[in-house]
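Peer 1: Pasting a structure below so you can have a look.
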Amino acid sequence: MEDNTKKGLEGTGLALPANRHGNLKSASTDQDFLDILHQIKVSKSPAVINYGASWCRVCSQILPAFCHLSNKFPKLSFIYADIDECPETTQHVRYTPTFQFYRDGERVDEMYGAGEERLHDRLWLHS
């Protein structure tokens, strides 16, 4: 039997802004996440990973802003990873939402919790 359950950004059930630059991705399995992480490390392009969960109220509040900001920072890669859909590769995440920032293939910063202005400032800093 095929599983038709929506996952990743589609599985949040939120009305999210459209991404205009193709720089917003969603990891819906551990393998998806590993592939995306590998691409970040190989390309060495700046990236931000948003670790969230569908049951997390704060995550649901910041996710539309995260998607909107992907349009303001087209040179950054934006990745959403649901900790319940990627349990093996996200077991290090202790708080949701957690944002990790990558530059030249290495993690350079981390931010816990929400706050659109705070997130915008970090994105500006790392773009």
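Peer 1: For Y80, which sequence-distant residues (separation of 5 or more, or a different chain) have an amide H within less than 5 Å of its own amide H, given hydrogens modelled in the peptide plane?
Peer 2: It is K25, S26, A27, N50, by chain and number.
Peer 1: For A65, what charge total do you get from the other residues with a beta carbon under 12 Å from its beta carbon, if Lys and Arg give +1 and Asp and Glu give -1?
Peer 2: Net charge around A65: 0.
Peer 1: At 1.4 Å probe radius, can you tell me the per residue accessible area of the range 24-126 in Å²?
Peer 2: Here the residues of the range 24-126 average 50 Å² of exposed surface.
Peer 1: Tell me, how many Å apart are the Cα centres for the range 1-63 and for the range 79-126?
Peer 2: Cα centres, the range 1-63 to the range 79-126: 11 Å.
Peer 1: Points 7 angstrom from Cα along the Cβ direction at D121 and W55: gap in nanometres?
Peer 2: 3.3 nm
Peer 1: From the backbone phi of the range 85-95, what are the Karplus-calculated ³J(HN,Hα) couplings (6.51 cos²θ - 1.76 cosθ + 1.60, θ = phi - 60°) in whole Hz, Gly and Pro given as x?
Peer 2: So the J values, rounded to whole Hz, are 8, 10, x, 6, 8, 10, 5, 6, 6, 9, 10.
Peer 1: Would you mind telling me the share, in percent, of accessible area of the range 25-127 contributed by carbon and sulfur at probe 1.4 angstrom?
Peer 2: Whole-percent figure for carbon plus sulfur exposure: 50.
The values are calculated or read from the model by the stated rules, or taken from the named source; none is laboratory data. Because the structure is a prediction, the values reported are computed rather than measured. All Cβ positions, even for glycine, are placed from backbone atoms using ideal geometry, and neighbour counts span all protein chains on display. Side chains are part of the model used for accessible areas, which takes the heavy atoms of the whole protein and leaves out ligands, DNA and RNA. Shrake-Rupley method; radii C 1.70, N 1.55, O 1.52, S 1.80 Å.
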